[in-house]
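Please treat every number below as a calculation from the coordinates, not as lab data. The structure displayed is predicted, hence computed values, not measured ones. A quick note on method: Cβ atoms are made from the backbone with ideal geometry, for glycine too, and the neighbour counts reach across all protein chains shown.
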Amino acid sequence: MLENIAHKLACKLLDSNDHLKILPASAYDAIPQHELRLFCHFYARYGLPTKEMVEWLKKHIGKKSAIEIGAGHGDLGRALGIPMTDNYCQTWPDVKEFYEAAEQPVIAYGEDVERLDALEAAQKYKPDIIIGQWVTHWIDPALSVPVGGGSMYGVKEDLLLKECKTYIVLGNKNIHGHKPILKQKHAELKLPFIRSRASSPKENVVYVWGS
């Protein structure tokens, strides 16, 4: 029953290649949030790039060079026309086992998403701007009290900031509001066209470090 709801939405939201269509925010607003979250669960989507969000990012990028890290399916980077990279961690046996135990479908990585971790991608492309959607920050597995929302498989964002002029993260305050790099100077933008799988959509946010 629940999977059927997700499948019906997938027919509307995904193209023939299982890539997310870039739709206006209003298209998502027409879907009950609990149904949208079911789609995101079964099809392993986190952020949902809207037409307005893509246009905003394109204007921000302008003539600068940019890449996407943690690209997953590649929905956002493909729409922006920039290199997409990911470490493919959800294909690693221990990570897959964790997701299976949690009954959480794993990402089907885009065929055009390059297998590079965030720092490798930054060092290869040397971009002006690094963009990440739903990025999990790295935490030391030896910590007795882990930093909220982090993972031992996450991105060492403090190092990543040194590899670019601007770092942009699309996320949700309830999930990504514990990033250690939030202690550094940044902008917090509550843009009206951010959409995601979050249970608290009003907390969707864009964080920007740099200019």
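Taking the DSSP bridge list for segment 64-165 and keeping only pairs wholly inside it, about 0 percent are antiparallel.
DSSP beta bridges fully contained in the chain are about 45 percent antiparallel. As a calculated quantity, the FRET efficiency between Lys59 and Gln184 at R0 = 41 Å, using C-beta atoms, amounts to about 0.95. Neighbours of Ile129, meaning other residues whose beta-carbon lies under 13 angstrom from its beta-carbon, give a summed charge of +3 when Lys and Arg score +1 and Asp and Glu score -1.
Using 0.36 nm times the number of residues separating Thr91 and Ser151, minus their current alpha carbon distance, what extension gain do you get?
Once the chain is fully extended between Thr91 and Ser151, it gains 20.0 nm.
Is the shape of segment 122-200 best called rounded, prolate or oblate, per the rule: a/c under 1.5 gives rounded, else a/b larger than b/c gives prolate, else oblate, with a ≥ b ≥ c the square roots of the Cα gyration tensor eigenvalues? Oblate is the answer for segment 122-200, as a/c is 1.5 or above yet b/c matches or exceeds a/b. A straight Cα-to-Cα reach below 19 Å connects Lys165 with the lysines Lys58, Lys59, Lys63, Lys64, Lys124, Lys126, Lys156, Lys179, Lys183, Lys185, residues fewer than 8 places away in its own chain not being considered. With +1 assigned to the C-beta of every Lys and Arg and -1 to the C-beta of every Asp and Glu, and no other charges, what is the dipole magnitude of the chain about the Cα centre in debye, to the nearest 20? In debye, rounded to 20, the chain gives about 900. Sort segment 39-107 into rounded, prolate or oblate with this rule: let a ≥ b ≥ c be the square roots of the eigenvalues of the Cα gyration tensor; rounded if a/c is under 1.5, and if a/c is not under 1.5, prolate when a/b is larger than b/c, oblate otherwise. The shape class here is oblate. Estimated from helices alone, the mean residue ellipticity of the chain at 222 nm is -8500 deg cm²/dmol (sum of -39500 (n - 2.57) over DSSP H runs with n ≥ 4, per residue).
Among Ile69, Ile31, sorting on how many other beta-carbon atoms sit within 10 Å of each Cβ, with the fewest leading, yields Ile31, Ile69.
By the beta-carbon count within 10 Å of each Cβ, the least crowded to most crowded order of Ser65, Ser211, fewest first, is Ser211, Ser65. What does the net charge come to around Gly72 if you take all other residues with beta carbon closer than 10 Å to its beta carbon, with K and R at +1 and D and E at -1? With Lys, Arg at +1 and Asp, Glu at -1, the net is -2.
Cα-based radius of gyration for the chain, normalised by 2.2 N^0.38 Å, reads 0.97.
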